[in-house]
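A short worksheet on the structure shown next.
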Amino acid sequence: MSVTWRHLPAPAREIAVAATEAVEAARARDIEAYDLSTARLAVVERAGLVLGSVVRLLLEEAHPDGLDSDDVRRVLERCVRSATPWRPDVDPHVVLVLLAGALGVYDPDGDGSPPDPAALARHAPLLVADLLAVTGGPVEGYLGAAFAEIERTERHD
């Protein structure tokens, strides 16, 4: 990895490294590396917040005029179809939860079977990798923007 995350606190560095490794493993369809990095993401506090911010940033870039239900369906279908050949355990419901969460419209209390953090960690890098294929940018840039946005939000709260 050519990007250094030394300026981040240790927990944020761990998220950045694991997320980058997971997305790169997804792009390479490297099952072993993917499983290792997503297992790390599953146990790191706030990894979901960071990855959700990355997904939202990618969605905003890929759909500058906003998303409608057809756009969300296309993103969901493309991600699941792309991942299924090497990740047959991909769950469309979990990907939909990630999309809805990134858009701020997911209510876990209204979900009869909300995914656990491990399932979210196993699916978020698949969605990020799929969206990066559309936007063409490096994951590090989106992670950096997500960390900056989270920091800005926390300072104003």
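For segment 122-157, the set of residues classified as hydroxyl-bearing (Ser, Thr, Tyr), surrounded by fewer than 17 Cβ atoms within 10 Å (Cβ to Cβ) and touching a residue at least 24 places away in the same chain (Cβ under 8 Å) consists of THR135 only. Among residues of segment 109-121 that are among the aliphatic types (A, V, I, L, M), those with a beta-carbon under 9 Å from a residue that is open to solvent by 40 Å² or more (accessible area, probe 1.4 Å) and not in a helix (DSSP H, G or I) at least six positions away or on a different chain give the pairs ALA119/ASP91. For segment 130-142, does any single residue satisfy the condition of being over 15 Å from the mean Cα position of the chain (by Cα) and not β-branched (Val, Ile, Thr)? Scanning segment 130-142, I find at least one residue that is over 15 Å from the mean Cα position of the chain (by Cα) and not β-branched (Val, Ile, Thr), so the answer is yes. Exactly one residue among VAL23, VAL3, VAL44 is touching a helix residue (DSSP H, G or I) at 6+ places or on another chain (Cβ under 8 Å), at pLDDT below 95 and closer than 21 Å to ALA133 by Cα, and that residue is VAL3. Mind checking which helices (runs of 4 or more DSSP H) fall wholly inside segment 1-108 and carry at least 2 residues that are open to solvent by 30 Å² or more (accessible area, probe 1.4 Å) and polar (S, T, N, Q)? Where helices (runs of 4 or more DSSP H) fall fully within segment 1-108 and carry at least 2 residues being open to solvent by 30 Å² or more (accessible area, probe 1.4 Å) and polar (S, T, N, Q), they are 69-83.
The values are calculated or read from the model by the stated rules, or taken from the named source; none is laboratory data. None of these values were measured; they are calculated from a predicted model. With ideal geometry, Cβ positions are generated from the backbone for all residues, glycine too; neighbour counts draw on all protein chains shown. Quick note on the areas: whole protein, heavy atoms, side chains included, nothing else; ligands and nucleic acids left out. Shrake-Rupley method; radii C 1.70, N 1.55, O 1.52, S 1.80 Å.
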